[in-house]
Amino acid sequence: MAAPLRSLELKVLSAHELKLVRGTYRAMARTGTQQLSLRGIAKQLDVSPALLVYHFGSKDNLLIETMRWALAASVRRIERRVEGIEDPHEALAAILDAVLVDPRANRDYYLIYLDLVQYSVRHESFTELAGLLRRHIDDTWASVIGRGVATGVFEAADLELASRQVRALVEGAVLLWLQEDDWEQTHAALQRDCHAAILRLLTPRSAA
């Protein structure tokens, strides 16, 4: 899983650029990517638009760099959580802990993730980044599921299909959760429901 992570890292950011990216991330989560102009981002960061252009060249470049930074951070967190875990059930719990980490963090991340999906459909410059993330998520799930199939605790005739089904299950549940008024209170239930649904999908029929 190291290659996809390296691909997600566009360049080494200076301390000042990292500060700008983090501020842009907060602005994107708060306002919505499509509603933000370069001038609007600069206003929220209390800097000049010219400074953002100097460091990133354009609004699209700034958005891509910010999304890439956020996605790479998520990938690192997941890799750290599952590293060294051999038991498939423990690995499944660990990856869900890493993906569904915190109500506010998940809300911000997935709102920006949905923006990336929309942009990747309409703007070619975002397509590669969305594809890299999608492949990494699928490969991560396939690794966990494959370990379970090899030890007989999970059942999946097609690992690629199973990983896409699990990703669709989690992302669909998150999409519904984002629309709830009490999203902070229901976050723990979101994780429990996803865990139970994945187990129902993967548990061998003979053991169900």
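Since every read-out is calculated from the coordinates, none of them should be taken as a lab result. Predicted model only: the values in this text are computed from it and were never measured. Virtual Cβ from ideal backbone geometry, glycine too; neighbours counted across all protein chains shown.
Estimate the FRET efficiency between residue 151 and residue 97 by the formula 1/(1 + (r/R0)^6), using the beta-carbon distance for r and 25 Å for R0, to the nearest 0.05. Write down the numbers at each step before the final one.
Numbers: r = 21 Å, r/R0 = 0.83.
After rounding, the FRET efficiency stands at 0.75.
At residue 80 and residue 105, where each label point lies 7 Å from the Cα along Cα→Cβ, what is the point-to-point distance in nanometres?
Calculated label separation equals 0.8 nm.
Return the FRET efficiency for the residue pair residue 183, residue 114: r is the Cβ-Cβ distance, R0 is 22 Å, and the value is rounded to the nearest 0.05.
Working: r = 14 Å, r/R0 = 0.65.
Between residue 183 and residue 114 the formula returns 0.95.
According to a simple spin-label model (label point 7 Å from Cα along Cα-to-Cβ), what is the distance in nm between residue 175 and residue 200?
Placing both labels 7 Å beyond Cα along the Cβ direction yields 1.8 nm.
Can you give the extra length, in nm with one decimal, that the chain gains between residue 46 and residue 15 once fully stretched, where that is 0.36 nm per residue apart less the Cα-Cα distance?
Values: separation 31, 0.36 × 31 = 11.16 nm, distance 1.67 nm.
Length difference between fully extended and current span is 9.5 nm.
Quickly estimate the mean residue ellipticity at 222 nm for the chain, helices only: each DSSP H run with n ≥ 4 gives -39500 (n - 2.57), and the total goes over all residues, rounded to 500.
On the way: 10 runs with 157 residues, N = 208.
For the chain, the value works out to -25000 deg cm²/dmol.
Please sort 158-170, 75-87, 132-144 by packing, taking for each peptide the average over its residues of neighbouring beta carbons within 10 angstrom, highest first. If you can, show how the numbers build up before the last one.
On the way: 158-170: 16.8, 75-87: 15.1, 132-144: 19.5.
For the peptides 158-170, 75-87, 132-144, the packing ranking is 132-144, 158-170, 75-87.
Expressed as a rounded percentage, what relative contact order does region 2-207 have, with Cα pairs under 8 Å and six or more residues apart?
Details: 168 pairs, mean separation 43.1, N = 206.
Worked out over region 2-207, it gives 21 percent.
With N set to the number of residues, divide the alpha-carbon radius of gyration of region 2-207 by 2.2 N^0.38 Å and report two decimals. Mind dumping the intermediate values first?
Details: Rg = 18.4 Å, N = 206, 2.2 N^0.38 = 16.7 Å.
Against the empirical 2.2 N^0.38 Å value, I get 1.10 for region 2-207.
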